[in-house]
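Inspection log for the structure reproduced underneath, given as structure tokens.
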Amino acid sequence: WDSDARMAAPVIAALRARGIVTGDNEPYDGALKGDTLYEHGTSRGLPHILIEVRQDEIAEDAGVARWARILAEVLCPVLRDPATHMIEHHESRTTRRKRG
């Protein structure tokens with residue numbers, strides 16, 4: 001995520017509350033002009049998040065089912081929030097870097 005925390009903050013908090021080790025823009029920054037997050041989320045004012053799961057966690061059907069359940073349980077409450085369905089433009093950190 002870049003500067004719009006509407007989706008990222010509650011998802012990260014919910015994953016951490018489950019004891020799941022969760023990075024916050026690690027190892028990727030989340031503010032790269034022209035990347036998928038920027039093009040489909042930041043530039044359009046849509047709440048967005050990129051979730052990366054370790055491959056060994058989803059190598060077997062049981063792991064895929066476990067992560068599908070976890071993500072559904074974490075994302076559904078966030079998606080019920082009307083704020084996640086509104087367009088809000090937040091200045092990208094990529095823009096702020098250029099000015100500084």
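The values are calculated or read from the model by the stated rules, or taken from the named source; none is laboratory data. The model shown is predicted, which means the values in this text are computed figures rather than measured ones. Don't worry about glycine lacking a Cβ; one is built from the backbone with ideal geometry, like all the others, and counts go over all protein chains shown. Accessible surface is based on the protein model in full, side chains and every heavy atom, while ligands, DNA and RNA are left aside. Shrake-Rupley method; radii C 1.70, N 1.55, O 1.52, S 1.80 Å.
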*For the subset of segment 41-62 comprising residues that are part of a helix (DSSP H, G or I) and over 23 Å from Ala13 (Cβ atoms), which member is most open to solvent (accessible area, probe 1.4 Å)?*
Gln55
*segment 1-30, residues that are under 12 Å from the mean Cα position of the chain (by Cα) and either closer than 18 Å to Glu88 by Cα or of a type in the set (Lys, Arg) (or both)*: Trp1, Asp2, Ser3, Asp4, Ala5, Arg6, Met7, Ala8, Ala9, Pro10, Gly30
_I need every pair where a residue in segment 73-95 that is farther than 17 Å from Ala17 by Cβ and touching a residue at least 40 places away in the same chain (Cβ under 8 Å) has its Cβ under 8 Å from the Cβ of a residue that is open to solvent by 60 Å² or more (accessible area, probe 1.4 Å) and part of a helix (DSSP H, G or I), sequence separation at least 6 or different chains._
Ile87/Arg44
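Results for (1) at pLDDT below 95; (2) in contact with a helix residue (DSSP H, G or I) (Cβ under 6 Å, 6 or more places away or on another chain); (3) within 26 Å of Ile87 (Cβ to Cβ), shown as yes or no for each residue.
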{"residue": "Asp2", "(1), (2), (3)": "yes, yes, yes"}
{"residue": "Val11", "(1), (2), (3)": "no, yes, yes"}
{"residue": "Val21", "(1), (2), (3)": "yes, no, no"}
{"residue": "Pro27", "(1), (2), (3)": "yes, no, no"}
{"residue": "Ala31", "(1), (2), (3)": "yes, yes, yes"}
{"residue": "Thr42", "(1), (2), (3)": "yes, no, yes"}
{"residue": "Gln55", "(1), (2), (3)": "no, no, no"}
*State whether one or more residues within segment 67-90 are closer than 24 Å to Arg6 by Cα, in a loop (DSSP other than H, G, I, E, B), among the aliphatic types (A, V, I, L, M) and open to solvent by 70 Å² or more (accessible area, probe 1.4 Å).*
yes
*Do you know which residues across segment 31-40 are open to solvent by 90 Å² or more (accessible area, probe 1.4 Å) and in a helix (DSSP H, G or I)?*
Thr36, His40
*asked:* Name the residue that is surrounded by the fewest Cβ atoms within 10 Å (Cβ to Cβ), counting only residues in segment 1-23 that are assigned to a helix (DSSP H, G or I) and without any contact (Cβ under 8 Å) to a residue 12 or more places away in the chain.
replied: Ala17
